[in-house]
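The values are calculated or read from the model by the stated rules, or taken from the named source; none is laboratory data. All of these numbers come straight from a predicted model, not from anything done at the bench. A quick note on method: Cβ atoms are made from the backbone with ideal geometry, for glycine too, and the neighbour counts reach across all protein chains shown.
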Amino acid sequence: DSQYAQSHQLINKNLKKCHTSSLDLPRSKALQTHPVILLKLVESLLSAWKGPMHHLVKEMPSLKEVPATILSKAREIEGKNNGLLEGVRSILNQIQSRDDRNENYPAWSGLPSLQSYSDDVRHFAFYNLIRCAGRNAQKVEASLKI
């Protein structure tokens, strides 16, 4: 994180908050969160990434000199996010009625930045999106281990 920010003189600017920062998932078993509530939180987090991951994969080829392996990895991550989301929804469907479901999740507003004509804006948008995705992947993993 800091190497990219330093090399682009962004260290003094605040990084844009992640669109999912409002979703606070428990980080330890000590918090004793009910499993259904935890699954709903994970579902919200994964749902909030469905659109951004799609656009990340779609817009990534617009970056100059992106290796095919990076694009392939982004597609793989998108597929894993969607697969995990389907799995969590399947579990929730088995333990609660559809009426009890919460379809609300944090909205992402970064598409204009990913499609910007400015290379700096686009690069920073990709960087921030990937940074946030990494942090959220850690949140999901930790939550599913609880």
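Per-structure values
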{"item": "Residue in the stretch 59-100 that is modelled with the highest pLDDT, counting only those that are loosely packed, with under 13 Cβ neighbours inside 10 Å and part of a loop (DSSP other than H, G, I, E, B)", "result": "Pro67"}
{"item": "Residues of the stretch 124-146 classified as free of Cβ contacts under 8 Å to residues at least 40 places away in the same chain and hydroxyl-bearing (Ser, Thr, Tyr), total", "result": "0"}
{"item": "The one condition in (1) touching an Asp or Glu at 6+ places or on another chain (Cβ under 9 Å); (2) at pLDDT below 90 that Leu111 fails to fulfil", "result": "(2)"}
{"item": "Some residue of the stretch 102-115 being acidic (Asp, Glu) and either under 22 Å from Lys17 (Cβ atoms) or in a helix (DSSP H, G or I) (or both)", "result": "no"}
{"item": "Positions within the stretch 1-58 being of a type in the set (Lys, Arg), surrounded by fewer than 16 Cβ atoms within 10 Å (Cβ to Cβ), in a helix (DSSP H, G or I) and at pLDDT 60 or above, in sequence order", "result": "Lys50, Lys58"}
{"item": "Pairs where the first residue, in the stretch 112-123, is closer than 10 Å to Ser62 by Cβ and the second is among the acidic types (Asp, Glu), C-beta under 7 Å, 6+ apart", "result": "Leu114/Glu59; Gln115/Glu59"}
{"item": "Test: residue in the stretch 118-140 that is assigned to a loop (DSSP other than H, G, I, E, B) and farther than 19 Å from Val36 by Cα", "result": "yes"}
